[in-house]
1. Would you pull out the residues with amide H under 5 Å of Arg301's amide H, same chain only if 5 or more places away, H placed 1.01 Å from N?
2. Report, in degrees rounded to the nearest 10, the 0 to 90 angle that the Cα long axis of helix 163-173 makes with the longest principal axis of the chain.
3. Give the separation of the Cα centroids, segment 346-410 to segment 316-340, in Å.
4. I'd like the carbon and sulfur percentage of the solvent accessible area for segment 31-131, probe radius 1.4 Å, heavy atoms only, ligands and nucleic acids excluded.
5. Quick one: with all protein chains in place, what share of the accessible area of segment 163-253 is carbon or sulfur, to the nearest percent (1.4 Å probe)?
6. What shape does segment 80-174 take by its C-alpha gyration tensor, where a ≥ b ≥ c are the square roots of the eigenvalues and a/c under 1.5 counts as rounded, a/b above b/c as prolate, and the rest as oblate?
7. Which entries in Lys200/Lys373; Lys200/Lys230; Lys200/Lys423; Lys226/Lys415 show an alpha-carbon gap greater than 22 Å?
8. Which value, in Å² and to the nearest 10, is the accessible area of Val288 when all protein chains are kept and the probe is 1.4 Å?
Amino acid sequence: MGRQEQILTKPHEEIEQIQIEGIKQTVVNCYEGIPFYRKSFDAAGFDPYAIESIEDLAKAPFVTKQDLRDSYPYGMLAVPLEDVREIHMSSGTTGVATVGAYTARDIEIWGDCFARGIEYADGGPKDIAHICYGYGLFTGGLGAHYGGISAGCTTIPMSAGQTERQIRVLREMGSSIICCTPSYAMHIADTAIEMGLDPKKDFTLRAGILGAEPFSDAFRADLENKLGIKVLDVYGLTETMGPGVAIECMEQDGLHIAEDHFYCEIIDPETGKVLPDGEWGELVITTVDREASPVVRYRTRDITRILPGQCACGRTHRRIDRLHGRTDDMLVIRGVNVFPSQIEDVMKTFTQVSSWYVIELARKGSMDVVTLKVEPAPDFDFDEIAALERVQGAIQAALKTALSVAVKVQIVEPKSIPRSEGKAKRVIDNREGIR
Ligand code: DLL
């Protein structure tokens, strides 16, 4: 039994009570402490003192990434700077960074939230947690680190990179739980295999708490098989805390939201209307007890759904489905909406190709041309032209049947797709004037 089971198995009405009490305080703190929220609540005619039930929250206006960016660096702080112990930032590759600030209590809660993933994997003081998410402004490294400490693990702060050294440490220190992006875990596994090792036998890993990017079920199965581990998907984002907002348990049937700290709604991204459980839409998050950087109805742009019903594990915290991707990752290929992860799902049914791929977008006249470049599986003979063309054609046909999209498939030379130590870049958009 994990340390936190009591809160994780509380009757849902009691969790809702915690949420409503916390949210009442959060909206008032935001209104009284952050000029942005005062303006936005007033403009929407939302009275922060009149919240009685969770449903009332739907009357509050949304906050967007742009709003957070416009308040850079300290405009969204709800506490004096003296009370802030740590700052993280989103990567800011598409514009100004967004800032997440933490009080001492926020850090403690963060650790407890990530620790739930370790505890779901039955992890604790007997475990060695190998953290190879990047440390620094990215929330992955330190979030998982605090999780390891909170769960009582012996925690190794590897950070990302120096893959051969990671492999040495994994073996020599007897690491049992690995925390990194799924693409980096795959890179570690493939590198170990190339070095002549069998990670299943030569490593002592038994679980991975992997996230920060979408990965398909087939990718997960491949990874579990190569490393001999159970992979639990972890979700989070800088704007609401970092990793640990929701994590899968051993059932691997959706990610349990840390509902005592986050209230999740799913909305129709077009109309903003709240959708019932089971329907896919955009995830909107309100923090229940965040002190330094609370958010009220933050539009994550991530697409998921609330899974109806209770998990077989018996825990009562509601679950979100594994993420398909973000509204802004969605490709519109000749009018058809697809996520890169759906292309990956189809591609991974072919054993002749590996997990390393990119999707390139180009424009020819007024047409978008989409090319899937994928490396062959290690036992596939790349120089066998006829076989290569056959597999390319078969994947192309499968994509057409499954997703109704015309994608050109190209099997490219082994190791020609850049490996990533953090989040993999799966889409390269070469269309002029777009993005
Ligand atoms: O990626 C926090 C994190 C670190 C989560 C380590 C899990 C593990 P950001 O850099 O702010 O924070 O990026 C947040 O990444 O809005 C999603 O689009 C995507 N994302 C995060 N976790 C998952 C996941 C961290 N499990 C953005 N599946 C989010 C799919 C994910 N996408």
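The values are calculated or read from the model by the stated rules, or taken from the named source; none is laboratory data. None of the values given here were measured: they were computed from a predicted structure. Every residue, glycine among them, receives a Cβ derived from its backbone with ideal geometry; neighbour counts consider all protein chains shown. Side chains included, ligands, DNA and RNA excluded: accessible areas come from the protein's heavy atoms. Shrake-Rupley method; radii C 1.70, N 1.55, O 1.52, S 1.80 Å.
1. Close amide H contacts, sequence-distant or interchain: Leu283.
2. Its long axis makes an angle of about 70 degrees.
3. 20
4. 53
5. Carbon and sulfur together cover 45 percent of it.
6. Oblate, since a/c reaches 1.5 and b/c is not below a/b.
7. Lys200/Lys373; Lys200/Lys423
8. Looks like 10 Å² after rounding.
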